[in-house]
Amino acid sequence: MRPGRNVGVPTLAALIDGEEAEISALAPADLTAGVIVELVAAVPAAGAYTVQVGQWQHLTGTAVVLHDRLTHTRYDLATRPTVLFRTPGAATLAGRFALEINLGRVLSTGLDVAPRALAVWPNPATAAGGSVQVTGCLRGASVAVFDLTGRRVASAQADATGTAPLVTRGLAAGAYVVRAADGRTTRLVVE
């Protein structure tokens, strides 16, 4: 981030040809089907932050998805215009967030069969408890647990019923992201 700009407050900018720009600086002509706009977020301290869509211009009929690469989560900003994220400290987060913009592109026919939601039980878990069960996984697929810095701290393989036992013994108290092999995520809290 450029020195002196928005010092001490959260800032979100687009990376256009390697240069920071306001997200609103994207010209409508730049918004062709399948454009990925890399974002840079600068936060002054550890904590929870909110990304919120203020106003759409020139995007009628356009699908805009925010990718959080740290948690491997995709947010359709048309149906969920407010997204919460956490950071363990002051940082400039380049490479974590990107916008995918699809002008008039069909993303779903509504005929797809949605996979079962991931669920973790018990949740919250205790480190002393030793393990949790993750249900809703694909049979035989891997499941991983990531801390808020993106470091993989545990993993397991789902059985034939789509259930994976994850060992929590030794995990520090805090929030974690559980990610299935197909990219679906859920949250795990360890007390």
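None of the figures in this text is laboratory data; all of them are computed from the coordinates on show. All of these numbers come straight from a predicted model, not from anything done at the bench.
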(request) Kindly provide the pair-distance distribution of segment 129-179 built from C-alpha pairs, with 5 Å bins from 0 and whole-percent values in order of increasing distance. (result) 5, 22, 31, 22, 14, 4, 0
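So how much slack lies between Thr149 and Thr50, counting 0.36 nm per residue of separation and subtracting their Cα-Cα distance, in nm?
Full extension of this stretch gives 33.9 nm more.
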